[in-house]
1. Specify the inter-centroid distance of region 237-266 and region 1-56, based on alpha-carbon positions, in whole Å.
2. Could you rank the peptides 75-83, 290-298 by their average count of other C-beta atoms within 10 Å per residue, with the highest value first?
3. About its Cα centre, what dipole magnitude does the chain give when the only charges are +1 on Lys and Arg Cβ and -1 on Asp and Glu Cβ, stated in debye to the nearest 20?
4. What is the distance, in nm, between label points placed 7 Å from the Cα along the Cα-to-Cβ direction at Met293 and at Asp112?
5. Which residues in region 1-36 place their backbone N less than 13 Å from a point set 7 Å from the Cα of Asn81 along the Cα-to-Cβ direction?
6. Helix-derived [θ] at 222 nm for the chain: sum -39500 (n - 2.57) over DSSP H runs of at least 4, divide by residue count, nearest 500?
7. Put +1 on the Cβ of each Lys and Arg and -1 on the Cβ of each Asp and Glu in region 257-344; which of Pro329, Val302, Thr281 then has its Cα farthest toward the positive end of the dipole?
8. Kirkwood hydrodynamic radius (Cα pairs, Å) of region 1-63?
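Throughout, read-outs are computed from the coordinates displayed, never taken from laboratory work. Quick caveat, the model's predicted, so the values are computed rather than measured. Here the Cβ is made from the backbone with ideal geometry for all residues, glycine too, and neighbour counts use every protein chain on show.
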Amino acid sequence: MDKYKVSVIVPAYNTEKLIGRCLDSILNQTLGGIQIIVINDGSTDKTEAICRTYAQNNDCIRVISKENEGQGIARNVGIQNAEGCFVGFVDADDYVEPEMYERLYDSAVATDSEWAYSYFANEGYLIDDRIKSHSSGKLIDTKAEKYLFKGMLLGGMPDEDQDGFLGISVCRSIFKLHTINKHNIRFLSEREVNSEDILFNLDYLNVCWRLCTVDFNGYHYCNDNAISFSKRPTPNRLKMFKQLYIELQNRVNNTEEEMRIQRRILANIRVIMVEKARWCTVHNYRKTKKEIMDVLNDEMVVSLLMLYPTKSLPILQSIYFTLMKKKLPALIVLFAKMRYLLIK
C-alpha cells in the first residue's frame, strides 16, 4: 500500500521570495495524504534554509539538495524519492488552489485512471466530442480516443486557427507513480531540449491505459516560461527546438502527426524571430539581422519552410512565414514590431 495519495514534487532554484507561498498552497490542500518533495537545485540564496524550516514543522515535507542541473533533472530526483500513489509537479514560483489535488485524485480514483489531466476553462470546448464524457470531464481509454488526444497535445493542423490546443505542462496533472517507474519514464533536461513536458506527456500517454480530464483550473502560473514578446532572446533556443523536433519525430507515427509537430516547431521558430525583433534598434540592427539570417539559413528551418503549406495558416502567420521564406529581415522586424504595438 502506498504511503501517500499524491507526492508533489517541487524543483526550487533561487526562489526565496516565492517558495513559501508555493509550499503553503500545497500544505493547505483539502486532500489528505500528500507528500511534498522539494528538490533544492543548487540554490545560492535562502531557498534551502526556508524549505528546511518548513520541513522541520511539517512531517510530510522532505527536502533534497543537489547540484544545479536544471528543472528536468530535479523532477527526476523527485520521482526517484516519491512514495505516493500518484505524483504531481509544482514549480516553486507558482501556487495551487486548495482543492486542486482532491479534484484530480478523486477523478482518477473514480474512473480508475492512471492520469488525471486538468484543462483550463477556455480549453474545455477543445476536447473532441468523439471522446466520451464522465462526471467531471472526459474519459480516454480507447486507441481512437488516445489518438485524438495525442493530436491535440501535438499541435494544430495547417487549416486550424491555433498552433496548439491543449496545455502541455505536467503541472496540471497527476500521474500514477507505478506506471512511471514501470516504464522508466523520465524528463529530459531543459538545457538540451525545449518543452520537455510534452515529451514526458507523450511517453506517458503511450503506456497508460486510461486517462481522465478534469474541468478545473487549480494551478496558477506566476512566472510562465512561455516565450513572450517582452523577453530577451535566449541563447541556444534554436538548437533546443531542433532537438525537440528530433525527439517529437521519434514519437509520431503518421503524416498527420508529423504535420502537427511541424506546426509546433514553426511556431517556435516564429517566436524566435519575434524575440529578436523586440530588442532590435537602429544601434544593433546589423547584429540582429545577422542573427535572424543565421536562423533562416539553418538547414532544418529552410526545409520546414519549404515543405510546410504555410499559405493554409491564419493570414498573419502566413504573411510572416512568407517574409521568412523570402529572407527579408527588415520586414520581419517591422512586422513583428507592428504586431506588438497592435496588441499592447
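1. 34 Å
2. Order by mean packing, descending: 75-83, 290-298.
3. Approximately 1520 debye in magnitude.
4. 6.3 nm
5. Counting only backbone N, you get 8-12, 36.
6. Working: 13 runs with 156 residues, N = 344.
Counting only the DSSP helices, I get -14000 deg cm²/dmol.
7. Thr281
8. About 11.9 Å, per the Kirkwood formula over Cα pairs.
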